[in-house]
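Undergrad: Shown below is the structure under consideration.
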Amino acid sequence: MNEALRQTQSHLRQLLSRYGINPRNNLGQNYLIDLNILDFIVDSAHLTDNDVVLEVGTGTGGMTAFMTAQAGHVISVELDKNMHRMASEQIGHIENLTLLQADALKNKNNFSPQVLELIEEQLAISPKRRLKLVANLPYAIATPVVSNLVATELPWERMVVTIQLELGLRMQAKPGKSTYGALSVWLQSQTFVKLLKKLPPSVFWPRPKVNSAVMQLVPNPQGKKQIADRPFFQDFLRRLFHQRRKLMRSVLVGMYRKQLPKSEIDQILQQMELEPNTRAEQLPPGTLVKLSNLIYEKTV
């Protein structure tokens, strides 16, 4: 096996020691050391020559090198300069690989323009090319990376990501659950979310203090078409669930007090056959999409 693929604990310890690097907790540097799970993640991505893979968090490049053997091109982004340097020396020679030392995010609501530009360049090589996100995501940025990719118009086809289990449960939570929120609705309204595998701390080094999960997301084009304006819908959800415990009518009245009188809000709720004491956390994604659309029509 190529040295870059031997992502066992002993190998990682030796490799990082050689470069004088210690894993950084503040960057969520927990490396997968179970080769079977690495296999599982890459197999679940169903990579082909037409795939442009985005990996956020190169780490030592173990999974990165594995993916280059199957994908058309891999763009791997690493924030840590030392890790990027090490990965470059280990696997930088691979032709269908772009290693980028940068923050993948411009801010919590947008990808880095540099990352988007690299993706567009690789997608433009062939009309058959599609984007896939395959990554062991640092916990701190997992939510914005996934939700922001859904928000783009990029032709993404699949996401297979390792994230904190708690976040995975939020992604697929149902109405009425304490974990159900804006993220749940945003993703479920436009994608099919599936928990593929739960992971204990023991499959990582250093061991995190929480359980993890491998999550799969694939697009739901029909769901996406139902949304009148996606930026409006995303803002609608964030603001609505910011006060999730309050009655929805009062939250909506406050949210749109400058655009709509209370009577208009009441009319919309009556049209939707929603009771005045309804809370947002009780409503399924489809209902919230319809509600957002009606408010959007009244405010544009």
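Undergrad: For the range 241-249, what does the Karplus curve 6.51 cos²θ - 1.76 cosθ + 1.60, with θ = phi - 60°, yield as ³J(HN,Hα) per residue in whole Hz, taken in order and with x for Gly and Pro?
TA: Working through the residues one at a time gives 7, 5, 10, 4, 7, 7, 5, 5, 4 Hz.
Undergrad: Given 0.36 nm per residue, what is the gain on full extension from Leu247 to Phe232 after removing their alpha carbon distance, in nm?
TA: Gain on extension, Leu247 to Phe232, equals 3.3 nm.
Undergrad: Dipole magnitude of the range 230-299 about its Cα centre, charges +1 at Lys/Arg Cβ and -1 at Asp/Glu Cβ only, in debye to the nearest 20? If you can, show how the numbers build up before the last one.
TA: Working: 13 positive and 7 negative charges, 73 e Å.
Dipole about the Cα centre, nearest 20: 360 debye.
Undergrad: Residue by residue through the range 68-76, which ³J(HN,Hα) values in whole Hz follow from phi under the Karplus form 6.51 cos²θ - 1.76 cosθ + 1.60 (θ = phi - 60°), with glycine and proline marked x?
TA: Here the 3J(HN,Hα) series is 5, 6, 10, 8, x, 7, 10, 10, 10 Hz.
Undergrad: If you take every residue apart from Leu247 with its C-beta less than 12 Å away from the C-beta of Leu247, what net charge results, scoring Lys and Arg +1 and Asp and Glu -1? Show your work: numbers first, answer last.
TA: Details: positive: Arg244, Arg245, Lys246, Arg249, Arg279; negative: Glu275, Glu281.
My count for the surroundings of Leu247 gives +3.
Undergrad: Net charge around Arg257, counting only other residues with Cβ within less than 14 Å of its Cβ (Lys, Arg = +1; Asp, Glu = -1)? Write down the numbers at each step before the final one.
TA: On the way: positive: Arg239, Arg249, Lys258, Lys262, Lys298; negative: Glu264, Asp266.
Around Arg257, the surrounding residues sum to +3.
Undergrad: Tell me which residues come under 5 Å, amide H to amide H, from Leu196 once H is placed; ignore anything under 5 positions away on its chain.
TA: Amide H to amide H, under 5 Å and 5 or more residues apart or across chains, Leu196 pairs with Val214, Met215, Gln216.
Undergrad: Rounded, prolate or oblate, given the Cα gyration tensor of the range 230-299, with a/c below 1.5 counting as rounded?
TA: Numbers: a/c = 1.17, a/b = 1.04, b/c = 1.13.
It is rounded, given that a/c, with a ≥ b ≥ c, falls under 1.5.
Undergrad: Given R₀ = 51 Å, what would the calculated FRET efficiency be for Ser263 paired with Gln101, taking r from the Cβ atoms and rounding to 0.05?
TA: Numbers: r = 55 Å, r/R0 = 1.08.
Working from the Cβ atoms, E equals 0.40.
Undergrad: A follow-up question, please. What is the order of Glu95, Glu157, Glu55, fewest Cβ neighbours within 10 Å to most? Don't skip to the answer; put the middle values down first.
TA: Numbers: Glu95 6, Glu157 18, Glu55 26.
Listed from fewest to most nearby Cβ atoms, that is Glu95, Glu157, Glu55.
Undergrad: Where does the charge balance sit around Pro200 when Lys and Arg score +1, Asp and Glu -1, over other residues with C-beta under 13 Å from its C-beta?
TA: Working: positive: Lys197, Lys198, Arg207, Lys209; negative: Asp34.
Taking every Cβ under 13 Å from that of Pro200, the sum is +3.
Undergrad: Residue-wise, which Karplus ³J(HN,Hα) couplings in Hz belong to the range 215-229, taking 6.51 cos²θ - 1.76 cosθ + 1.60, θ = phi - 60°, and x for glycine or proline?
TA: These are the phi-based 3J(HN,Hα) values: 10, 10, 10, 10, x, 10, x, 5, x, 4, 5, 6, 8, 5, 8 Hz.
Undergrad: For the peptides 200-212, 177-189, what is the packing order when you average, over each peptide's residues, the other Cβ atoms within 10 Å and list the highest mean first?
TA: Details: 200-212: 15.5, 177-189: 20.4.
Packing proxy ranking, top to bottom: 177-189, 200-212.
Undergrad: Gln270 to Arg18: FRET efficiency via 1/(1 + (r/R0)^6), r the Cβ-Cβ distance, R0 51 Å, to the nearest 0.05? Walk me through the intermediate numbers first.
TA: Numbers: r = 68 Å, r/R0 = 1.34.
Between Gln270 and Arg18 the formula returns 0.15.
Undergrad: Could I ask something else about it? Take Lys108, project a point 7 Å from its Cα along the Cβ direction, then tell me which residues of the range 135-170 have their backbone nitrogen under 15 Å from it.
TA: 140-148
Undergrad: A further question on this structure: In terms of Cα to Cα distance under 16 Å, which lysines are near enough to Lys198, apart from those fewer than 8 places away along the same chain?
TA: Lys209
Undergrad: Mind checking the dipole of the chain: about its Cα centre, +1 per Lys or Arg Cβ, -1 per Asp or Glu Cβ, Debye to the nearest 20? Can you show the working numbers first?
TA: Values: 36 positive and 26 negative charges, 254 e Å.
The calculation lands at about 1220 debye.
Undergrad: Using amide H atoms built in the peptide plane, which far-off residues or other-chain residues are under 5 Å from Thr191 H to H?
TA: Close amide H contacts, sequence-distant or interchain: Asn220.
Values quoted throughout were computed directly from the atomic coordinates according to the rules given, and no laboratory measurement underlies them. These figures come from a predicted structure and were not determined experimentally. In this analysis, Cβ positions are derived from the backbone assuming ideal geometry, glycine residues included, and neighbour counts consider all displayed protein chains.
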